[in-house]
Amino acid sequence: MPIAREVLVTIAEHNGVCVRPLAIRRTDLETGRTEVIDVPCGARLASKCKPCAERARKLRRQQIREGWHLEDEPTVPVEAPADDV
C-alpha cells in the first residue's frame with residue numbers, strides 16, 4: 001500500500017522521527033534477555049532521511065558556533081621509509 005507508506009513517512013518527518021531506523025539486537029548479560037532497539041540511521045543527506053539530515057545540520061551549526069572547526073589544516077608528518085621497505 002504505497003499511499004499508507006507515504007502518509008507514515010510524512011508524519012514521521014513532521015515529528016522529526018527517523019524514517020529509516022536501524023534495528024539493533026541488545027542482550028542483557030545478567031538476565032539473558034534479548035530485545036530489539038530501533039536506532040536512528042544518522043543519514044546526512046535529506047534525500048535519504050530528512051529528519052536525521054536536519055538533526056546533523058543543526059549539530060554542525062552548533063559546533064561551528066562553539067568553535068569546533070579548525071582555522072588551519074593540520075600537517076601530517078611524513079615518516080621516512082624503513083630499511084626493509
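The values are calculated or read from the model by the stated rules, or taken from the named source; none is laboratory data. Computed from a predicted structure; not experimentally measured. In this analysis, Cβ positions are derived from the backbone assuming ideal geometry, glycine residues included, and neighbour counts consider all displayed protein chains.
In segment 58-85, the residue that is surrounded by the most Cβ atoms within 10 Å (Cβ to Cβ) out of those that are at pLDDT 85 or above and of a type in the set (Val, Ile, Thr) is 64.
Among the residues of segment 10-38, those identified as more than 18 Å from the chain's Cα centre (by Cα) and either modelled with pLDDT under 90 or assigned to a helix (DSSP H, G or I) (or both) are 10, 11, 14. Scanning segment 43-53 for residues that are within 8 Å of residue 18 (Cβ to Cβ) and either assigned to a loop (DSSP other than H, G, I, E, B) or in contact with a helix residue (DSSP H, G or I) (Cβ under 7 Å, 6 or more places away or on another chain) (or both) turns up 49, 51.
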